[in-house]
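Encoded as structure tokens, the structure appears first; notes follow it.
FYI, it's all coordinate maths here, none of it is from the lab. All values reported here derive from a predicted model rather than from experimental measurement. Cβ atoms come from the backbone with ideal geometry, glycine included; neighbour counts cover every protein chain shown.
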Amino acid sequence: QVQLVESGGGLVQAGGSLRLSCSASGSIFSINAMGWYRQAPRKQRELVATITRSGSANYADSVKGRFTISRDNAKNTVYLQMNSLEPEDTAVYYCKAYNTFGLGDVYWGQGTQVTVSS
């Protein structure tokens, strides 16, 4: 029983920035990693970035150098700082919480819309 609450999506012009937040609550003892995925219209959901509780981060090539994922373990919160946004970044962004050893379930947030205008 884990709930993920996302915030920070919105409309921004190309070149602008947004910061997404995702806070996990509930039975979160098994969660040791969180991340962000995104899904554009008519496209598959794809990984954006992940981070473990120890701070090990992984990024999709398309966002490397522009996005930064971080976490506050005390708050069970993960952030995605998105800079130099491009229209191609337009998508619904979903927060994910999981255990890297496969313990427990995988949890998803409700999604937050990010729209980047040219």
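Sorting the Cα pairs of the range 67-118 by distance into bins of 10 Å, from 0 upward, gives 20, 45, 28, 7, 0 percent per bin.
Given their separation in residues at 0.36 nm each and the Cα-Cα distance between them, residue 108 and residue 74 gain 10.3 nm when the chain is fully extended. Phi angles of the range 78-91 translate, via the Karplus equation with coefficients 6.51, -1.76, 1.60 and θ = phi - 60°, into HN-Hα couplings of 10, 10, 10, 8, 10, 10, 6, 5, 10, x, 5, 7, 4, 4 Hz per residue; Gly and Pro are given as x. The gain in end-to-end length when the residue 83 to residue 60 segment is fully stretched comes to 6.8 nm, 0.36 nm per residue minus the alpha carbon separation.
Once C-alpha pairs closer than 8 Å and six or more residues apart are averaged by separation and normalised to the residue number of the chain, the relative contact order reads 36 percent. In the chain the longest region clear of trypsin sites (Lys or Arg not before Pro) that are loop-assigned by DSSP and have at most 11 other C-beta atoms within 10 Å covers 65-118.
Roughly speaking, what is the stretch gain from residue 99 to residue 3, that is 0.36 nm per residue apart minus the C-alpha to C-alpha distance, in nm to one decimal? Display every interim value, and only then the final one.
Numbers: separation 96, 0.36 × 96 = 34.56 nm, distance 1.48 nm.
Going from the current span to full extension adds 33.1 nm.
Which is the longest part of the chain that has none of the chymotrypsin sites (Phe, Trp or Tyr not before Pro) sitting in a DSSP loop with at most 11 other Cβ atoms within 10 Å? Mind dumping the intermediate values first?
Working: sites that count: 29, 101.
The segment 30-100 is the longest one with no such site.
Computed over the chain, the convex hull of the alpha-carbon atoms projects to a mean area of 6.8 nm².
Using Cα positions and a limit of under 21 Å, work out the lysines in reach of residue 75, with same-chain residues fewer than 8 apart set aside. The qualifying lysines are 96.
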